[in-house]
1. Give just the number: which of (1) free of Cβ contacts under 8 Å to residues at least 40 places away in the same chain; (2) not in a loop (DSSP other than H, G, I, E, B) does Thr334 not satisfy?
2. Could you please give the count of residues in region 158-193 that are hydroxyl-bearing (Ser, Thr, Tyr) and touching a strand residue (DSSP E or B) at 6+ places or on another chain (Cβ under 7 Å)?
3. Looking only at region 155-192, which residues are closer than 21 Å to Ile322 by Cβ and touching a Pro at 6+ places or on another chain (Cβ under 9 Å)?
4. Residues in region 70-90: is at least one part of a helix (DSSP H, G or I), within 27 Å of the chain's Cα centre (by Cα), at pLDDT below 90 and surrounded by 22 or more Cβ atoms within 10 Å (Cβ to Cβ)?
5. Which residue pairs have Cβ atoms under 7 Å apart, sit 6 or more places apart or on different chains, and have a first residue in region 94-109 that is part of a loop (DSSP other than H, G, I, E, B) and a second that is among the basic types (Lys, Arg) and surrounded by 15 or more Cβ atoms within 10 Å (Cβ to Cβ)?
6. Given the condition in a loop (DSSP other than H, G, I, E, B), modelled with pLDDT of 90 or more and more than 21 Å from Leu94 (Cα to Cα), answer yes or no: does some residue in region 241-255 qualify?
7. Scan (1) among the β-branched types (Val, Ile, Thr); (2) over 11 Å from the mean Cα position of the chain (by Cα); (3) more than 27 Å from Leu308 (Cβ to Cβ) for the single condition Thr169 breaks and write down its number.
8. Within the bounds of region 215-229, is there any residue that is out of contact with any Cys (no Cβ under 6 Å at 6 or more places or on another chain) and either within 18 Å of Lys120 (Cβ to Cβ) or touching a residue at least 60 places away in the same chain (Cβ under 8 Å) (or both)?
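The values are calculated or read from the model by the stated rules, or taken from the named source; none is laboratory data. Bear in mind that the values here come from a model prediction, so they are computed numbers and not experimental data. FYI the Cβ positions are ideal-geometry reconstructions off the backbone, even for glycines, and counts take in every protein chain you see.
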Amino acid sequence: MSKPVVLIVDDEPDLLELVSLTLSRMSLETHTAADVASAQRLLKAQHFDLCLTDMRLPDGDGLDLVEWIQTHRTDVPVAVITAHGNIQSAVRALKLGAFDFVSKPLDLSVLRKLVGSAIKLGARADDATATTASARLLGHSPIMQQLREMIGRVARSQAPVHIYGESGTGKELVARLIHESGARSEGPFVPVNCGAIPTELMESELFGHKRGSFTGAVADKKGLVQSAEGGTLFLDEVADLPLHMQVKLLRLVQEKTIRPVGESREESVDVRILSATHKNLSDLVAEGRFREDLFYRINVIELRVASLRERPEDIPVLAGAILARLCRRMKMETARISAEAMQALQAYPFPGNVRELENVLERALTLSTGGVITPEHIKLRAVQRGAAPHTPASAPVNGSVGLGHQLEDIEREAIVKALEKTRYNKTAAAKLLGMTFRALRYRIKKLGIE
């Protein structure tokens, strides 16, 4: 099997020699070029598995070469070598489509990891991303086809990606697909709900701590960031990070280093940062609640996940897949949705998005008989179509109860009343409720009624 081939572009002979020697020891074949024009000639003449270019070149800069490769040789990952501290140039390169960047003076261990990831990415099948995304990110609408295409593009990069959209749209699924379709797919995917970690524990949870660093620290502890080494760290609801943690996250994104609580030295980490929120980060920046510099670092590439009301044509395929999964879980024969019920679903705006659709179908399946879900089994709130949701279903505010909890409370009350009326005869209660005994038993267990 032939060796992977890397093109190194730099006008400094010493750096060319250092990088060539390092990559040769990784069993890679290397070619060199001293300027943009020479690099373009080589890229036109033969196949390369990676192009590694300096930012400053005699006849242009690395950004010119990155743009050219994105137009003429999209199959070649390109990484840039930046001057120390020149994060602005690195961010520009990532926005133009660069795979990753490494700063001078070169840390050879960081360089080897970068090159290894890029070579691994090039070895993946070109259609792997499309196949994975199509199988799990359901929908034939143009907006979903565009999202799957974007996932394929950003999976070929190491740039930070920010995913935004309403609650219940599937932002974590998008993050997982980016991870699984990229060079880090064999590494861990570590999701972190930034809003669920108490403020006083957040630094220790994310970055770890040393024994004795605070009361209760009886042993060294590895943080979630270190747990994602070689893989992807997904920061869900990143807008909920307190300001003092935003400063520390900024250093992780910029320098790829962290300092565990109680540790005197920083340590390097190799993770890709993906983030998500249902809030508008630009508004939070304007209000002084989110750091502007961090916003630009994590928002190098932005992906928007559409709400369900923007793609009602996808509801039939989504509903079918959800219903099949629910039937398997409840060990029931596969049910179907009547045409009238499907019409009702497509006419409803779903402020809770796909998560609400699943809740509605689970309740309808429980109430249905004969394996057919009809309009009377579908309990929908009175919400005006086109109206934006006021309170995300997954994030109750000011003590209000989310939609899922409301439905469960209604269902629990109906089941308890039926059980009391039949003196806790489940067979009779199921008949009274118009559902199968198996479905009632499943709902009793799920709702914790017993």
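1. (2)
2. Narrowing region 158-193 to residues hydroxyl-bearing (Ser, Thr, Tyr): 164, 167, 169, 181, 185.
Right, trim to touching a strand residue (DSSP E or B) at 6+ places or on another chain (Cβ under 7 Å) and you get 164.
So the answer is 1.
3. Glu166, Ser167, Gly168, Glu172, Ala175, Arg176 - these are the residues of region 155-192 that are closer than 21 Å to Ile322 by Cβ and touching a Pro at 6+ places or on another chain (Cβ under 9 Å).
4. yes
5. Between residues of region 94-109 that are part of a loop (DSSP other than H, G, I, E, B) and residues that are among the basic types (Lys, Arg) and surrounded by 15 or more Cβ atoms within 10 Å (Cβ to Cβ), the close pairs are Phe99/Arg156.
6. From region 241-255, those in a loop (DSSP other than H, G, I, E, B) are 241-242; that's our starting set.
With the extra rule that they be modelled with pLDDT of 90 or more, the set shrinks to 241-242.
Filter once more, so that each one left must be more than 21 Å from Leu94 (Cα to Cα): 241-242.
Checked region 241-255: at least one residue is in a loop (DSSP other than H, G, I, E, B), modelled with pLDDT of 90 or more and more than 21 Å from Leu94 (Cα to Cα).
7. (3)
8. Taking region 215-229 and keeping what is out of contact with any Cys (no Cβ under 6 Å at 6 or more places or on another chain), we get 215-229.
Remaining after also requiring either within 18 Å of Lys120 (Cβ to Cβ) or touching a residue at least 60 places away in the same chain (Cβ under 8 Å) (or both): 228-229.
Scanning region 215-229 turns up at least one residue that is out of contact with any Cys (no Cβ under 6 Å at 6 or more places or on another chain) and either within 18 Å of Lys120 (Cβ to Cβ) or touching a residue at least 60 places away in the same chain (Cβ under 8 Å) (or both).
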